[in-house]
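The values are calculated or read from the model by the stated rules, or taken from the named source; none is laboratory data. This structure is a prediction, so every number in the text was calculated from the model and none was measured. In this analysis, Cβ positions are derived from the backbone assuming ideal geometry, glycine residues included, and neighbour counts consider all displayed protein chains. Surface accessibility is based on the protein's heavy atoms, side chains included, excluding ligands, DNA and RNA. Shrake-Rupley method; radii C 1.70, N 1.55, O 1.52, S 1.80 Å.
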Amino acid sequence: MSFAPALEFVFEIRAQVSETLHIGHGDGEITEFTPIVGGSVSGPRLTGKVLAGGGDWSSTRGEICELEARYLVQADDGSVVDIVNRGFYHPDPDSPDQHDGDVKVSEAGH
């Protein structure tokens, strides 16, 4: 018997960011930080705001980028949630263009 997980939309986070800061680079590595300065949370299961003070770190080695975003969300009821997102990005020629609404945020293979 196989199991397929079900996904349900519960909220969307729209983080506001300021200009990316170049932290430095080592042998073949570039490190950058993008401050998160606010934003909104909206959806059927959670609404609130993104608190200023978090950020998005990226370390790029060759074509591979390691990402870590950490920030706080405050729900409308006052509770605070610590959000941590980690991952890797690697451009692939077979990947489709990515869009956020009408804005193209990445092109295929880039």
Neighbourhood charge, 12 Å Cβ-Cβ cut-off, centred on residue 40 and excluding it, Lys, Arg +1 and Asp, Glu -1: 0
Heavy-atom accessible surface of the chain: percent carbon and sulfur, 1.4 Å: 53 percent
1.4 Å probe accessible area per residue over the chain, in Å²: 74 Å²
Calculated from backbone phi, Karplus (6.51, -1.76, 1.60) coupling profile of region 71-80 in Hz, x at Gly/Pro: 7, 10, 10, 10, 6, 4, 7, x, 5, 10
Exposure ranking of 9, 3, 33 by accessible area [1.4 Å probe, largest first]: 3, 9, 33
Fluctuation leader among 27, 77, 56 - the chain, Gaussian network, Cα springs under 10 angstrom: 27
Environment charge at residue 29 (Cβ cut-off 13 Å; Lys +1, Arg +1, Asp -1, Glu -1): -3
Charge sum, other residues only, whose C-beta stays under 13 Å from residue 67's C-beta, Lys/Arg counted +1 and Asp/Glu -1: -1
Global geometry of region 1-85, whether rounded, prolate or oblate, following the gyration tensor of its Cα atoms and the 1.5 cut on a/c: oblate
Derived scalar couplings ³J(HN,Hα) [region 61-70; Karplus, 6.51 cos²θ - 1.76 cosθ + 1.60; whole Hz; x for Gly, Pro]: 10, x, 9, 9, 10, 8, 10, 8, 10, 9
Karplus-derived 3J(HN,Hα), 6.51/-1.76/1.60, for each residue of region 24-33, Hz, glycine and proline x: x, 7, x, 5, x, 10, 10, 10, 9, 9
Relative contact order for the chain, counting Cα pairs under 8 Å that sit 6 or more residues apart, in percent: 17 percent
Long-range amide H partners of residue 51 with built H, under 5 Å: 72, 73, 74
